[in-house]
Structure formats: structure tokens, C-alpha cells
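Novice: Please find one structure pasted underneath; my questions will follow.
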Amino acid sequence: MLVIPIAKATKKLRERFGASLEPRDDRGSLLLEGTVPSWDAKIEAGWAAARFGYHGVVNDLMVPGVCDEALEQPPLRDGALEGAYFDVAIVGGGVIGAALARELARWELSVLVLEKEYDLAVHTSGRNDGMIHDGFAASPGTKKAAYNVRGNRLWEPLCRELGIEFKRPGSLVIFRGRTSAIAYPLMVARAKENAVDGWEYWSRARLRAEEPNVHPDQHGAFFLPSAGVLSPYKATIALAENAAANGVRFSFDTCLLSMGVEGGRVASLRTNRGEFRAGVVVNAAGNWADVVAGMAGDRFFSLHQRCGTELILDINTGATQRHIMSMPSLLQVRSKTKGGGLVLTPEGNVLAGPTARERPGREDYSTSAAELRELERHLKINTKLSLSQVISYFAGVRPCSYEEDFIIEKSRRVANLVHAAGIQSPGLASAPAIAADLAAMVVDIAAG
């Protein structure tokens, strides 16, 4: 992408967001400073800045009444890691960290996974619907699109190896109006460009035959047979257990506090459980990945948080539909989210959602009555569903870059640092493919 000169970028941003904006080129990334009136304005400014071609957007715009979040440290204090050395340190015990640990266990490397919580998958990796997306929704040409399709192909054999349940019900994008079906050729073109594994047009009659309880005001569907489902928590645990059985060490209640950088390399990592050294450091810290990057002097991006709430319906509801179903008002081609729908779990529940709200709070899982009412629209896709069947609900927070794409790369500034950041949806679906590429990067650095 062509980089827009900073003077021109500044002019455009100030015209839209006010003269108080102070953009500047920070070693190739675009740093935004100043004040904007609202959180929405801050997010919009970040998205606008991402179109100027810089290597990342660092959004330090201030919003009245919104303070920077502090990383909450575990109460544990001991010297369990003091003076230790590991060939590789992975910061973050989500599905990416666990999948990478398993990949690296194949090599003669000493590997440590740092997790600040008491267990794995406490945050984003355990707070999603478990859908293994087919790859259609990702914007063509993005890392999301490439990793999604690769990861989708890897999950089924991987689950067989790990002994966890995986199902492939396929996904139906249901046409809401008569004119919606006109978009079918465009949808096919997108699926082809993303190399999605199969698609079909379903007529109204075919859809009704396959899904007798579908909303009567439907006009056929776009069927993507490769979409699957699994338990995200069980998958993360299984990956980690396999890694641990092959020599990877996991340190829980362990928070990275700072990194010492010498000669362009991470020389030391300080935690609440002692200071240690590592040959290669992988930043897979989820919603805190930009903070971790900053500890190494490599904060070329910042993350914004997108919160989503989902409903869990009674286990008997799974008998009322056979496929994942969504019925968007638009085809979501230009949207930053997929719009939500009805997802089946391996156990037989139906999940409805998620919502998508931009708000501050890296670990804010609060929900509102308005969100639950918003989710009710998804239940109407299946005429046998109602709010009376809801047994619980939960929220998750997705870490998003302002480019709305994954950041999977070696650091350009720190020789032994690798980033796996901005892993929002379809991060779960992409995880095995991301881990394979990260492992190759780590081994390359370790060998050098």
C-alpha cells in the first residue's frame, strides 16, 4: 500500500476529527495524539489512519473521562523463574500460545508459556462461540482470509489427534429478500478469491427441506459446507496438555512486568515470579499485546476492544436445526463484523450472537438488557427458538488492530521478538495455521 505523506495525512485527519489531532510518523507507524470528544471518535480516527499505508497505527488519542487501563497483577510473589533461561518464551496462554507451544514441542527447544491467569483460555480464547469459520467473510487479500482457510483445513485432523469433538455442520447465509439472491455471483467470486472449500446456492425449497424451522420470509441461501464447530476451551486445553506432555513448561499466575532490551534484543523478562532470560520471545498476549510490544520498545500498533455478547440456549434446541445459520440485513461485505447468527455447539446447544460493540475495557465482560434484546432477532431465524430457552449468556472481548487484520510477523526493531497480535475473529479458526507460521519464525531466529 502506498504511504500517504504525514503532512497530507494530518490535513485529512484534522479536517474530519478536529485541529487538536497531532499525527506523526513514529519510525514508520502512524502515531495519533491529541484529544477527541468520544470513544467512537477515537476508534473512527484509528480506522481512518489505517488507510494511509503506515506500518501500524498507534492510537494515543485522549477521550474525556476515559483513563488508561493498568495491567492487573496476580498476588503471587516468588522466585520460581529467577535466573532461568529458556530458548523460547511465549507470552499468553490463549489458543494461539497453546497451539504454538505444541508446534515448538516438536523441536529440541526449551519452551516456557507465561499466563497471568490461573488457567488457560480465561479471556478471548474461552469466550467465543467455537465456530471454525469457512473463510468467506474475511476480506480478500488479508491475513485473516489466508489463515482462516488454512486453519479450517487443519482443525479436523488436529481434533482427531487431540481426542476432542469436532463437527462440520456447514453455514447458511440466508437471503432475506427477493433481490438478495442477485448477490450470489458476487459471493461466489469472493469465495473463490479466498479459496474457500466449497459453496452452493440453495433455493427456498431446498432450504425449507433442509431446515424446516427456518424463518418463513427467506429467499434461499448461500451454503458453505466447510464451516465447523468445537469447544474453544477444550481445544486450548488439549493443545496445551499435548505440549506439556512433550516438555513445554507452563507458568500460571505469572505476569510479564517489563523487558530489558540490549543491543536490539530482548535480554531479560521480569515477572512477579522472578526475572529470567529467553532466546526468542513471542508476544501472544491477546488484549494486552500492544502493551507487551511497548515493553520491548516495539509498540508500532495499538489495539481496540470489540465486545460481543452471546446467548446459550437449552441443549434440546440443537435438534431444531442442522446447520449454522445467519440472516443478515446486508451481506456484511464491507462490515468489520460478520453480523452474528445461530451457531451449534458440539454438545447440542444453540448459541445466538454475538453482538459487536466498540468500547474501552480489555477485560470488561459486562452485559446489558439492550444487548439481550438485540440478540432476540437472531432467534427469529429459527421459528422453534425463543428467549424462554436461554439458560445463560456470556460476553467476550476481541483484540482488534485498526487495520482489522492479524499481526503475524517478526519484529522489525527487536531481533528476537515475534508478534501474534490483533487476533480477533476468525482467530480460533486460524489458530493452527498461525501457529505453524509462528513456529517457523521462531525456529529461524533460534537457529540464527
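Novice: Of the numbered conditions (1) part of a loop (DSSP other than H, G, I, E, B); (2) at pLDDT 95 or above, ALA98 fails exactly one; give the number of that condition.
Specialist: Of everything listed in (1) part of a loop (DSSP other than H, G, I, E, B); (2) at pLDDT 95 or above, ALA98 misses just condition (1).
Novice: State yes or no: is PHE394 surrounded by 23 or more Cβ atoms within 10 Å (Cβ to Cβ) and out of contact with any Pro (no Cβ under 9 Å at 6 or more places or on another chain)?
Specialist: no
Novice: What about VAL88, is it at pLDDT 95 or above, assigned to a loop (DSSP other than H, G, I, E, B), farther than 22 Å from GLU404 by Cα and β-branched (Val, Ile, Thr)?
Specialist: Criteria not met by VAL88.
Novice: Mind listing whichever residues of region 164-208 are over 21 Å from ASN148 (Cα atoms), assigned to a helix (DSSP H, G or I) and within 28 Å of the chain's Cα centre (by Cα)?
Specialist: Hits for region 164-208 are ALA183, TYR184.
Novice: Moving on. Could you tell me which numbered condition LYS410 fails, if it satisfies all but one of (1) buried (at least 18 other Cβ atoms within 10 Å of the Cβ); (2) over 21 Å from GLU211 (Cα atoms)?
Specialist: Condition not satisfied by LYS410: (1).
Novice: Still on this structure: Given the residues VAL149, VAL196, VAL173, which is the only one that is in the same structural domain as SER326 (by TED's automatic domain parsing), surrounded by 15 or more Cβ atoms within 10 Å (Cβ to Cβ) and closer than 27 Å to ILE407 by Cα?
Specialist: VAL196
Novice: Working only within region 346-373, note down all residues that are aliphatic (A, V, I, L, M) and either in a strand (DSSP E or B) or modelled with pLDDT under 95 (or both).
Specialist: Answer for region 346-373, where residues must be aliphatic (A, V, I, L, M) and either in a strand (DSSP E or B) or modelled with pLDDT under 95 (or both): VAL350, LEU351, ALA352, ALA369, ALA370, LEU372.
Novice: Which one of ARG77, ARG14 is surrounded by 14 or more Cβ atoms within 10 Å (Cβ to Cβ) and either of a type in the set (D, E, K, R) or under 30 Å from SER251 (Cα atoms) (or both)?
Specialist: After applying the criteria, what remains is ARG14.
Novice: Restricted to region 19-49, and to residues that are in contact with a strand residue (DSSP E or B) (Cβ under 8 Å, 6 or more places away or on another chain) and over 18 Å from LEU303 (Cβ atoms), which residue is surrounded by the most Cβ atoms within 10 Å (Cβ to Cβ)?
Specialist: Looking at the filtered set, the residue picked out is PRO23.
Novice: Additional query: Residue by residue through region 374-395, note down the ones that are under 25 Å from the mean Cα position of the chain (by Cα) and in a helix (DSSP H, G or I).
Specialist: Across region 374-395, the qualifying residues are GLU374, LEU375, GLU376, ARG377, HIS378, LEU379.
Novice: Something else now. Give region 253-292 a look and list any residue that's in a helix (DSSP H, G or I) and either of a type in the set (Phe, Trp, Tyr) or crowded, with 20+ Cβ neighbours inside 10 Å (or both), or say none.
Specialist: Hits for region 253-292 are GLY286, ASN287, TRP288, ALA289, ASP290, VAL292.
Novice: From the list ALA181, ALA227, pick out the single residue that is at pLDDT 95 or above, surrounded by 15 or more Cβ atoms within 10 Å (Cβ to Cβ), hydrophobic (A, V, I, L, M, F, W, C) and farther than 25 Å from GLU82 by Cα.
Specialist: Among ALA181, ALA227, only ALA227 is at pLDDT 95 or above, surrounded by 15 or more Cβ atoms within 10 Å (Cβ to Cβ), hydrophobic (A, V, I, L, M, F, W, C) and farther than 25 Å from GLU82 by Cα.
The values are calculated or read from the model by the stated rules, or taken from the named source; none is laboratory data. Computed from a predicted model, the values in this text were never measured in an experiment. As a convention, Cβ positions derive from the backbone with ideal geometry for all residues, glycine included, and neighbour counts pool all protein chains shown.
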